[in-house]
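Here's the structure, in structure tokens; my notes come after.
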Amino acid sequence: MSPAFLYSSFAASVLFLAACSSSPSDSPPSVCGDRQVLQVGFYAFFAPVSYSADPTPGTAGFDEHLGYEADLLTALEAMDGAGLSFARSGIADWSDIWLQAARPDYDLIGGGITILDSRTRNAAGERVVTFTSGHIAFRQSLLVRAADAERFASHSDLTSEDRVGALRGTTGEFRLLELTGFVDANGVLATGTRIETPEGEVVADGTAAHTITAASASDHLAGRTRLVPPTADMPQVIYLNGQEGQEASELDLLNALRTGTIDAIARGEIGNRDASVASDGEFVVAALDAATELGGFTLAVADADLAACIDDKINYLTDGQRIGYGEWRANPAVFIERAQQWKP
């Protein structure tokens, strides 16, 4: 089954959901502002969507952007008369990465970021960034060892004996918690959930004082290392630390799955399928979520006109969200080819 078939099936959902995200103005300008170069920060560890040529921060290769979003941005630069040019910098830390667009160092932030209203607001609840329209569709899943594929066919198959690895502050984490009953739609943890942290164990009382969402978590849960379920029909959720105490990366999760430290990885289908192919059959994708998410770029709210102009160009390159990850995977030149056909 081709990647294009796997992901083009989401086209109808993408078209519907794109209307829910920020949208371009009725008549966006053909030239996107008067700035010569826009500073772009991208998440460095989300292959194949957005990643660095060299995973080591501080190296020249760390700022070399690769993947689906890299090619989309390159196509934006190639659109005759659009006036877009990007200077790109890798970002190692996922935490609140979407809010970086509101800070002086960056004009635009990317890296496979799911569009959520909660991610447009800072800790004070102020709206400080805006999203472009969705340009890529995501679905959540589990990556498991091939021998366990039948045992983990659904999230409902998970039990308290199973250890699922997740990255803090991701939609992969939140959707896992939601599908397994750890949290409600607002992220409030189920009564009796035990949260292990470096400062000790916390027990959720079913109130908003113990909350985890895809955008934030209660302050005392920020460094969570493990969730112990209140019932036997829910899994343990494991949060790993990376090198030198840093946040774990997808590579850390894959190594933990390979060594048996965890039994599954909760994250998006795209990354999990790529890891499955690279594993030569060692890992497979299971428990594919029915819900679809959309990913976009963030800009500061003060740059709403620039966002609308960029939106207009992205919508052209994606043919109104009809061209996405699957088409790019089948033909990595699909965006640059459309850019060469652009008439301002």
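The values are calculated or read from the model by the stated rules, or taken from the named source; none is laboratory data. What you are looking at is a predicted structure, and each value in this text was computed from that prediction instead of being measured. Cβ placement follows ideal geometry from the backbone for every residue including glycine, while neighbour counts extend to all protein chains displayed. In case anyone asks, the SASA skips ligands and DNA or RNA and just uses the protein heavy atoms, side chains included. Shrake-Rupley method; radii C 1.70, N 1.55, O 1.52, S 1.80 Å.
Here are the numbers:
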item: Residue identified as of a type in the set (Asp, Glu), touching a residue at least 12 places away in the same chain (Cβ under 8 Å) and open to solvent by less than 20 Å² (accessible area, probe 1.4 Å) among 157, 162; result: 162
item: Residue match in the range 56-72 (condition: touching a residue at least 24 places away in the same chain (Cβ under 8 Å), open to solvent by 20 Å² or more (accessible area, probe 1.4 Å), touching a helix residue (DSSP H, G or I) at 6+ places or on another chain (Cβ under 8 Å) and under 23 Å from residue 168 (Cα atoms)); result: no
item: Members of the range 34-50 found to be farther than 21 Å from residue 99 by Cβ and not acidic (Asp, Glu), listed by number; result: 36, 37, 47, 48
item: Selected residue (criterion: farthest from residue 68 (Cα to Cα)) from residues of the range 82-113 that are charged (D, E, K, R) and in contact (Cβ under 8 Å) with a residue 12 or more places away in the chain; result: 105
item: Looking only at the range 116-148, and only at residues there that are part of a strand (DSSP E or B) and more than 14 Å from the chain's Cα centre (by Cα), the one that is surrounded by the most Cβ atoms within 10 Å (Cβ to Cβ); result: 142
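Yes/no per residue for (1) open to solvent by less than 20 Å² (accessible area, probe 1.4 Å); (2) on the phi > 0 side of the Ramachandran plot; (3) among the small types (Gly, Ala, Ser):
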position: 150; (1), (2), (3): no, no, no
position: 167; (1), (2), (3): no, no, no
position: 181; (1), (2), (3): no, yes, yes
position: 222; (1), (2), (3): no, no, yes
position: 230; (1), (2), (3): no, no, no
position: 233; (1), (2), (3): no, no, no
position: 237; (1), (2), (3): yes, no, no
position: 250; (1), (2), (3): no, no, no
